[in-house]
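The structure under discussion appears below in the form of structure tokens.
The values are calculated or read from the model by the stated rules, or taken from the named source; none is laboratory data. As the structure is a prediction and not an experimental result, all values here were calculated from the model. When we count neighbours, we look across all protein chains shown, and the Cβ atoms used for this are built from the backbone with ideal geometry, even at glycine. The accessibility values were calculated without ligands, DNA or RNA, using every heavy atom of the protein model including side chains. Shrake-Rupley method; radii C 1.70, N 1.55, O 1.52, S 1.80 Å.
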Amino acid sequence: MDPHTPLSEILATTPRHLKSLTEIGIRTVGDLLNYFPRTHSDFSQLCKISEVIPNETNTVVGKIQKLRVFRTPRGKTLVTAKLVSDEGELELIWFNQTFITRILRNDDEIAISGKIQISRSGKHSLVGGSFEKISDEMLHAGRIIPIYRSHGKLISSKWLREKIYPLLPFAKKLPQPLPFEIVAREKLLPLGEAIRQIHFPESFEKLERARESLAFEELFFLQLGGLLRKLDWRRGAAGSGKKIPHSPELLAEFAAKIPFKFTRAQKISSAEILADLKKDLPMNRLLEGDVGSGKTVVAALAIFLTAKAACQTSQAACQTSQAIHQTSQAACQAALLAPTEILAAQHFRNFLKILHPLGVRGELLTGSTPAKKKREISAKLKSGELDLVVGTHALLESRVEFHNLALAVIDEQHRFGVEQRILIKKNSTPHILSLTATPIPRTLALTIFGDQDVSIIDELPPGRKPAITRIIPPKKREEAYRWIESEVQKGRQVFVVCPLVEESEVLEVKSAKKEFKRLSEEVFPNLKLGLLHGKLRPKEKDAAMAAFAAGETQILVATTVIEVGIDIPNATIMLIEAAERFGLAQLHQLRGRVGRGEAQSYCFLFSESESEEVRTRLHAMENISSGFELAKMDLKLRGPGEVFGVRQSGIPDLKVAKLTDHELIKKSRAAAEKILDNDPTLENHPQILERLERVEIMNEK
Ligand code: ADP
Ligand code: MG
């Protein structure tokens with residue numbers, strides 16, 4: 001028997017169980033051994049009910065009695081029960097987990113671990129514990145027990161435990177995909193041993209080493225894949241990029257048109273970008289910087305240089321033999337993509353302010369551009385009469401052809417899908433510059449974004465003061481309004497963001513309209529208010545933004561359409577209704593709409609929620625102003641997958657590794673780089689190639 005042996009030949013079980021296993025991709029011995037536990041329970045150290053230690057995690061065993069569910073006056077649901085054994089009894093409590101009453105019955109024997117809390121009256125209760133019903137095997141084992149993700153009715157954690165345990169001896173035969181020298185150098189457990197220990201660990205130390213070894217392997221292959229793609233792409237794309245030169249004169253010409261000096265970080269990032277643009281290898285770079293750090297102007301510089309360049313495409317140079325020494329001088333074009341119409345329009349206005357006087361010819365193309373105008377723009381892009389087009393998704397979808405697209409800038413790139421990035425590259429190989437405020441450390445960005453280079457703007461323009469952020473409970477609402485009114489009278493402007501209505505733009509718009517009416521008539525009858533939402537016609541949106549930008553309206557009531565990119569430096573107050581409905585990333589983006597000038601800015605989080613989790617999140621907003629720190633917080637609160645829209649950025653699902661494993665990420669990347677340095681095609685490492693191919697196939701599924 002070996003790891004490829006089908007389970008049907010070796011497991012004593014029913015065809016229905018086998019079928020259920022194939023649904024989660026488990027067919028062979030190797031597959032089953034690679035189905036790792038979700039977590040472990042420590043039944044090696046059971047504790048007596050009478051001896052639980054407060055404020056620590058304890059595992060206790062007993063029988064369920066008096067299982068009840070009820071609602072508290074504040075609308076929470078509460079499940080309670082008594083855990084009874086010979087040694088005494090303990091109260092169990094779960095908040096908002098009514099499903100527990102479907103899993104547990106009175107008289108069930110369970111083992112449960114969780115924190116013990118003491119009430120004011122001195123009573124012990126175990127709150128929010130995770131539990132498992134007891135089987136004989138578990139109790140006899142008296143050890144650290146693996147808990148597996150169950151599947152359907154048949155494949156339970158207990159069932160998996162029983163089937164996996166006898167297979168462990170075969171773990172030795174699994175092919176070791178990591179080269180021996182890496183295993184030795186990094187002091188990893190051999191694969192077989194790591195697999196045994198991740199299932200049935202002898203101790204928590206062994207478990208941790210097993211986890212580290214397997215995580216190392218996982219990260220190694222993830223990064224190796226990214227590096228290989230990058231190498232491959234470099235080989236394929238080399239020579240196809242348009243060289244975009246720069247000169248001190250051009251840079252000075254640009255600098256003269258902007259009203260400030262670049263920050264140190266903007267200078268460094270620009271230098272990295274300009275160095276890429278000069279090459280005939282198409283750039284693929286991510287520019288990362290917190291909200292308000294000034295990414296746009298860096299992109300504007302790249303666009304300016306592109307428009308000024310008469311690119312020398314090597315393709316053209318190779319066309320015919322006579323042409324070899326002739327360089328074809330084609331004007332270069334740039335495209336700028338933004339995720340919303342409002343942002344595209346703003347970019348268009350601002351870019352033209354700087355770039356038009358410098359001779360750059362640009363147009364705006366969005367979903368609402370009339371068909372006739374679209375055709376006109378299309379024709380001009382094709383003939384080369386335009387240097388720049390600013391647009392939304394519509395630009396990609398309307399299949400415009402370019403005369404010579406040399407640079408594509410994608411603002412808020414996490415809002416765009418992979419397909420859209422592919423569309424950009426379909427007919428040409430422009431330099432690609434992606435902008436994002438997703439604040440992740442460089443090593444992590446390199447891991448996640450695999451084939452992109454990364455530049456980071458890690459400082460804000462000088463003189464920025466962090467927004468003062470306050471949670472406003474219902475009884476302080478009126479006071480806050482009066483304070484806002486007095487600020488407006490001093491010349492300040494205000495955003496009011498209406499509650500997020502998931503999945504329903506119609507409802508969201510409705511609530512914004514209602515709020516606009518209420519605020520205009522009842523709260524601020526003496527002020528001028530504007531309304532902005534996704535269902536307005538483009539002209540109306542433009543008018544609303546323009547009036548606010550010009551200071552004609554003082555308060556802009558809006559839906560989340562203003563979340564990204566909007567830049568109105570005179571607006572200093574951001575009021576967010578039902579703040580609990582937003583995640584940290586979104587709150588931070590919204591708050592980023594103010595504090596863009598030198599004046600002190602404010603962010604008010606209106607919330608009626610009393611939930612612990614919401615409090616923690618909103619308090620984090622009060623105390624933390626850096627997106628980077630908030631991301632760390634988010635990581636702790638929600639786990640890496642959810643962080644700041646990282647999932648949307650195409651982050652892979654990791655089995656064992658965590659994206660917080662900075663050390664492991666670094667080490668495994670270094671190891672992957674070293675292998676590729678010595679063996680760029682991996683021909684001397686067939687076992688690595690084989691494993692990579694398996695991963696690719698799985699990813700395609
Ligand atoms: P983001 O990085 O969030 O896209 P923006 O590019 O919109 O930020 O820039 C935010 C604001 O900061 C804009 O009003 C911009 O004009 C201004 N800004 C950018 N760079 C500087 C700088 N070096 N000094 C002063 N203000 C700057
Ligand atoms: Mg921006």
How far, in nm, would the chain grow between Arg74 and Lys490 when pulled straight, counting 0.36 nm per residue and subtracting the alpha carbon separation? 145.7 nm
Once you have the Kirkwood Rh of the chain from its Cα pairs, apply Stokes-Einstein at 37 °C and 0.692 mPa s and quote D in µm²/s. 112 µm²/s
Nothing charged except the Cβ atoms of Lys and Arg (+1) and of Asp and Glu (-1): what's the magnitude of the dipole of the stretch 184-313 about its Cα centre? Round to the nearest 20 debye. 640 debye
Which one, Ile258, Phe216, Gly226, projects farthest toward the positive side of the charge dipole computed for the stretch 196-276 from Cβ point charges (K/R +1, D/E -1)? Ile258
With a 10 Å radius around each residue's Cβ, average the other Cβ atoms per peptide and rank 292-303, 593-604, highest first. 292-303, 593-604
Protection-proxy order for peptides 394-400, 14-20, each taking the mean of Cβ atoms within 10 Å per residue, highest first: 394-400, 14-20
Quick one: of the DSSP bridges fully inside the chain, what percent are antiparallel, nearest 5? 45 percent
Apply the Karplus curve 6.51 cos²θ - 1.76 cosθ + 1.60, θ = phi - 60°, to the phi angles in the stretch 386-398 and return the couplings in whole Hz, x for Gly and Pro. 10, 9, 9, 10, 9, x, 10, 3, 3, 4, 6, 6, 8
Let me have the relative contact order for the chain, percent, based on Cα pairs under 8 Å that are six or more residues apart. 12 percent
By average Cβ neighbour count within 10 Å, what is the ranking of 568-581, 461-474 from highest down? 568-581, 461-474
Roughly how big is the stretch 468-624's charge dipole about its Cα centre, with Cβ charges of +1 (Lys, Arg) and -1 (Asp, Glu), in debye to the nearest 20? 380 debye
Per DSSP, the loop-located GluC sites (Glu not before Pro) within the stretch 38-108 having at most 16 other beta carbons within 10 Å are Glu56, Glu87
Name the residue farthest towards the positive end of the dipole of the chain from the options Ser434, Thr59, Ile93, assuming +1 on Cβ of Lys and Arg, -1 on Cβ of Asp and Glu, about the Cα centre. Ser434
Using θ = phi - 60° and the Karplus form 6.51 cos²θ - 1.76 cosθ + 1.60, what ³J(HN,Hα) does each residue of the stretch 175-191 get, whole Hz, x for Gly and Pro? x, 7, x, 7, x, 4, 5, 6, 4, 5, 4, 8, 6, 7, 6, x, 3
Taking R0 as 22 Å, what FRET efficiency do you get between Ser8 and Thr39 from their Cβ-Cβ distance, rounded to the nearest 0.05? 0.15
Tell me, what is the 1.4 Å probe accessible area of His124, in Å² to the nearest 10? 70 Å²
Normalising by the residue count of the stretch 45-142, find the relative contact order in percent from Cα pairs under 8 Å and 6+ residues apart. 28 percent
With θ set to phi - 60°, apply the Karplus curve 6.51 cos²θ - 1.76 cosθ + 1.60 along the stretch 57-70 and write out the HN-Hα couplings as whole Hz, x wherever there is a Gly or Pro. 7, 10, 10, 10, 10, x, 9, 7, 9, 6, 5, 9, 10, 8
Label-point separation (nm) for Glu612 and Ser130, each offset 7 Å from Cα along Cα-to-Cβ? 1.6 nm
